[in-house]
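Beneath this line is the structure, given in structure tokens, with notes to follow.
The values are calculated or read from the model by the stated rules, or taken from the named source; none is laboratory data. Computed from a prediction, not measured in an experiment: that's the story for all the values here. With ideal geometry, Cβ positions are generated from the backbone for all residues, glycine too; neighbour counts draw on all protein chains shown.
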Amino acid sequence: MIKFKNTISFAVLLALTIGFAACNNNKKLPIYGQREAVITKDKDGNQVVDTVYQTIPNFSFLNQDSTIITQDVFKGKVYVADFFFTSCTTICPTMHRNLKTVYEDFKSNPDVMFLSHTIDFKYDKPAVLKKYSQKLGIDNSKWLFVYGSKEDVYRLAEKNYLVAVEEDSTARDGYIHQGWLVLIDKDKKMRGAYDGTKTEQVEQLKKDISTLLAEEKD
Amino acid sequence: MRKIILLAIFTITICTMIYSCQSESEIELASYVSNGKDIYIKYCQNCHGEKGEGLGQLAPPLTDSVFLKENKSQLACFIKNGVNKPMVINGKTYQEKMPSFPQLENIDIAQVIVYVTNSFGNKQGIYQHQLVESDLRNCK
């Protein structure tokens, strides 16, 4: 009898596991950032409550080719954003080594892009970014390295991508910042943040990009 | 028969002696390598990579044994003072700024050099920490 019970519980467990695994296949990523409820009317004139999520506002920066980059470039695309600077000798090389593996994985997918913002507004002019991107081995316009005013870049980092950045003369390289890789969907909503210095989290980012692409297909 | 046994005992004794001497220096090398690896992970791996593969053209690989041998006495200088000059590694020219690590003691520098020069396909054996001081006096 005990044996029989065990078999049953094993079968139940197995069924549950398969069930959950199946759920995982069509799971959705969470949506991050602030949200608010707004009351709108549906097409029949009934009042409905809608949730409005925080989105990335429009921006205008110069990329490594001195071309103006706005959100139009990311229309209909999923992208990964981060903050770095070219003379950073601590976490940035690791972040970009790891992000480059993500770039390699999705290189041929036109729906995925990468956007790295420099926080060194004094030195990292487009020509410096160009040299950096070439030396990193990025040879196409899928991965953009952008330069903007301190005010624009720092505000976007802290208010919208939720990444802390700061000028700090006591820090080894003059700036301190967090190494998050932030995943943004086609509706400009934030869908994930991954520590770019940790390979497990970067592997998760790769999986989540695929999940997000599948989710946006339905 | 007796002769053979004696000869065998003699040979074994000699072998054991050589082996134990060897293993003493091997133990020293192993300890340098293992401490050096920790220092490498903390200060160097971000740029030079887990396997010494470098990072694009931004940081050269540490796999060029000939370069490392020819520049052995300058390695301590590169690490302590930083470096920024063209270098030909595996036939490719690199030039980018490597930061200085003034916080590293001579023993740390010796250990990380031993780790680098005995990993990633390099096999150059021990580099005693006493050498760091004289090498640092002769930086180019």
(request) Any chance you could count how many residues in the stretch B:126-136 are exposed (fewer than 12 other Cβ atoms within 10 Å of the Cβ) and either touching a residue at least 40 places away in the same chain (Cβ under 8 Å) or farther than 17 Å from B:ILE107 by Cβ (or both)? (result) 0
(request) Pick out the one residue from A:LYS217, A:LYS207, A:LYS186 that is exposed (fewer than 14 other Cβ atoms within 10 Å of the Cβ), of a type outside the set (Ser, Thr, Tyr) and within 14 Å of the chain's Cα centre (by Cα). (result) A:LYS207
(request) Return yes when A:PHE61 is crowded, with 23+ Cβ neighbours inside 10 Å, in contact with an Asp or Glu (Cβ under 8 Å, 6 or more places away or on another chain) and under 17 Å from A:THR118 (Cβ atoms) and no when it is not. (result) no
(request) Filter the stretch A:125-144 down to the residues that are in a helix (DSSP H, G or I) and among the hydrophobic types (A, V, I, L, M, F, W, C), then identify the one that is nearest to the other protein chains (Cβ to nearest Cβ). (result) A:LEU136
(request) Looking only at the stretch A:106-117, decide whether some residue is within 14 Å of another protein chain (Cβ to nearest Cβ) and touching a strand residue (DSSP E or B) at 6+ places or on another chain (Cβ under 7 Å). (result) yes
(message) Return the pair list, or none, for Cβ contacts closer than 6 Å from residues in the stretch B:43-61 that are more than 7 Å from every other protein chain (Cβ to nearest Cβ) and closer than 13 Å to A:TYR132 by Cβ to residues that are of a type in the set (Gly, Ala, Ser) and buried (at least 20 other Cβ atoms within 10 Å of the Cβ), at least 6 apart or on different chains.
(response) none
(request) Working carefully through the options A:PHE83, A:PHE74, find the one that is in contact with a helix residue (DSSP H, G or I) (Cβ under 7 Å, 6 or more places away or on another chain) and either away from every other protein chain (no Cβ under 14 Å) or at pLDDT below 95 (or both). (result) A:PHE83
(request) Can you tell me which residue within the stretch B:79-102, out of those that are within 12 Å of chain A (Cβ to nearest Cβ) and touching a Phe, Trp or Tyr at 6+ places or on another chain (Cβ under 8 Å), is surrounded by the most Cβ atoms within 10 Å (Cβ to Cβ)? (result) B:MET98
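Every residue, every condition in (1) touching a Phe, Trp or Tyr at 6+ places or on another chain (Cβ under 6 Å); (2) under 18 Å from B:ASN122 (Cα atoms); (3) among the aromatic types (Phe, Trp, Tyr); (4) at pLDDT below 95, yes or no:
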residue	(1), (2), (3), (4)
B:GLY52	yes, yes, no, no
B:LEU55	no, no, no, no
B:THR63	yes, yes, no, no
B:LYS69	no, yes, no, no
B:CYS77	no, no, no, no
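Conditions (1) within 30 Å of A:TYR123 (Cα to Cα); (2) part of a strand (DSSP E or B), marked per residue:
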{"residue": "A:LEU162", "(1), (2)": "yes, no"}
{"residue": "A:LYS186", "(1), (2)": "no, no"}
{"residue": "A:TYR194", "(1), (2)": "yes, yes"}
{"residue": "A:LYS206", "(1), (2)": "no, no"}
(message) I'm told A:VAL52 meets every condition in (1) modelled with pLDDT of 55 or more; (2) more than 20 Å from the chain's Cα centre (by Cα) except one. Can you identify the failing condition by its number?
(response) (2)
(request) Hey, could you check the stretch A:93-105 for residues that are at the interface with chain B (Cβ under 8 Å from one of its Cβ atoms) and either more than 14 Å from the chain's Cα centre (by Cα) or aliphatic (A, V, I, L, M) (or both) and say which is surrounded by the most Cβ atoms within 10 Å (Cβ to Cβ)? (result) A:ARG97
